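Working notes, structure below.
Values in this text are rule-based calculations from the coordinates and carry no lab data. The structure displayed is predicted, hence computed values, not measured ones. Counting neighbours? That spans all protein chains shown, and the Cβs are built from the backbone with ideal geometry, glycine included.
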Amino acid sequence: MEFTGKDIFYSIILHVSLILMLTVLNPFRVIVRHDFDAVAVNIISLPPMGDPALITEEAPEITIPQATFDEPEAIPVSPPETITETKEVEKPIEKPKPKPKRDEGYKGNAKEADTNQKGGADVSDQVGPGSRFGSASVDNAGFNYPYWFVQAFGKIQRNWSNPVQANQPISCFINFQVIRSGTLLESEVEKSSGIPAFDRACLRAVQASSPFPPLPDDFIDDIIGIRLEFPYQPR
């Protein structure tokens, strides 16, 4: 839409007419108020800071009270008593005799062990029923424990195997010692059968059975010697 010169002229006339109408109908008025409150103020000058002549009153002195302590009363001390030292006569301490150790066993040989023997005893009836052993004896008559013999001889019999065959009866006697813990101390062929292979088999059966059952607690000695016969009967 394009505006012509007439349109612009009419627009100007219209705006001017509106401005004149607003001015005539609502003219501007200046209102001056005369009823405000007035406060009178006197201006004085302050004295210069730090002038000692203008200070009329002296500042009070501040006194800090000092702490006071009550002196403790003197405690009377009595003179030290004279102590007389008395020396006690030391009594010699008696050392207890060492008890033999159960697990160390006897350190000597079979002949030295005879000093602890109290007479031998035949225990052939303690080898157990059905046993293949012959005679058996111990070097201490106080060792009367059938259950121990059954266990010990039964273990030896399980380890014994005859490696020879002969046409006549033979037998080998093995002498061995057992200490309190059940450990085999010493073993030897006391009486040979005449056949070395048979003797070695009997000795090996005893050695392979160690350790044996421990000796009973109420048995007073720490070692026991046993003599066991290994017989062979031809079929």
* About the Cα centre, charge dipole magnitude for the range 112-232 (Lys/Arg +1, Asp/Glu -1 at Cβ), debye -> 580
* To do: Please give the FRET efficiency for Arg235 paired with Tyr147, using the beta carbon to beta carbon distance and R0 = 41 Å, rounded to the nearest 0.05.
  => 0.80
* Calculate, in nm to one decimal, what Ile13 and Ala208 gain on full extension: separation in residues at 0.36 nm each, minus their alpha carbon distance. => 55.6 nm
* Cα gyration tensor shape for the range 112-232, rounded if a/c is under 1.5, else prolate or oblate -> prolate
* What number comes out for the charge environment of Tyr145, summing +1 per Lys or Arg and -1 per Asp or Glu over other residues with Cβ under 14 Å away? -> -3
* To do: May I ask for the net charge around Ser193, where only other residues with Cβ less than 12 Å from the Cβ of Ser193 are counted and Lys, Arg are +1 while Asp, Glu are -1?
  => -1
* Asked: Going by how many other beta carbons lie within 10 Å of each one, how would you line up Ser135, Ser11, fewest first?
  -> Ser11, Ser135
